[in-house]
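What follows is a short report on a single structure.
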Amino acid sequence: MSSQRPISPRRKRRSGGNAFVELSLTLLPTFAIITGFFDVSFALFSWSTLQNAVREGCRFAITFQTTMPDGSACPSSGHLDSCIAQVTANNSMGLVSGTSPLIYVKYFAPTSPNTVIASPNGDVPGNLVEVSVEGYLLQWMVPISGTFANPFRSTSPASTSVYARDVMGGYPAGVTSVTR
C-alpha cells in the first residue's frame, strides 16, 4: 500500500505554471553567467592581443628596420611611423588596421621621458619610442550594459589602451639616418 495520497485534478491545473516560472528563474541567470564569461574572455583576449601587437611594433621601431617582416620595403617618402603602425596592425589579429587612428607612435628624450619630441627629430638612437593603441572600444557579444540604460547606444561603454616603450638602439650597419 502506498502512503501517498493521489493529487487531485484541480490541484494539477493550478500548479501547471510553476515549472515555467522555475525554468525561467533558473535559465536567465545561467545564460547571463555564460555570456558574461564569453564577454570577459573576449575582453581579455582583445587586451592581450593588442598588448602583444604594440610590443611587436616597438621591437620593429627600436631596430630601425627599413623592410617590413613580409619582405616589402617601407615607403622611402619618410613614413617610418606608418611602417611601425602597419607592423602593429599586422600583429593585432585584425582588431585594428594599419591606418587606424588608434595607433600612436611617440618619441621621448631620455632626459625628459614625459615630454613628446616634435617630429621629425624623435627617431634617433638613444631616444625612447612609445607605440600604443589608445581608446580601443571593447566589442561585447551580448551588449546588455547598453540596452537597459540607453537602448540606442551605438558604442561600447568600455575601452582599453595599451602601451609599449623602449630605448631605440643604434642604426643598422651602413646607415647613418632613417627618414621618418
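The values are calculated or read from the model by the stated rules, or taken from the named source; none is laboratory data. Here the structure is a predicted model, which is why all the values come from computation and not from measurement. So basically every Cβ, Gly included, is an ideal-geometry build from the backbone, and we count neighbours across all protein chains shown.
Out of the stretch 34-69, which residues are under 17 Å from Val133 (Cα atoms) and polar (S, T, N, Q)? Matches in the stretch 34-69: Ser46, Ser48, Thr49, Gln51, Asn52.
Out of the stretch 1-40, which residues are in a helix (DSSP H, G or I) and modelled with pLDDT under 80? Don't jump to the end; show me each part of the working.
So the first thing to find is which residues in the stretch 1-40 are in a helix (DSSP H, G or I), and the list is 9-14, 18-40.
Matches in the stretch 1-40: Pro9, Arg10, Arg11, Lys12, Arg13, Arg14, Asn18, Ala19.
Inspection of the stretch 57-68 identifies at least one residue that is out of contact with any Asp or Glu (no Cβ under 8 Å at 6 or more places or on another chain), within 17 Å of Val162 (Cβ to Cβ) and either assigned to a helix (DSSP H, G or I) or at pLDDT below 90 (or both). Taking the stretch 121-180 as the range and being under 19 Å from Ala89 (Cα atoms) and at pLDDT below 70 as the test, only Arg180 passes.
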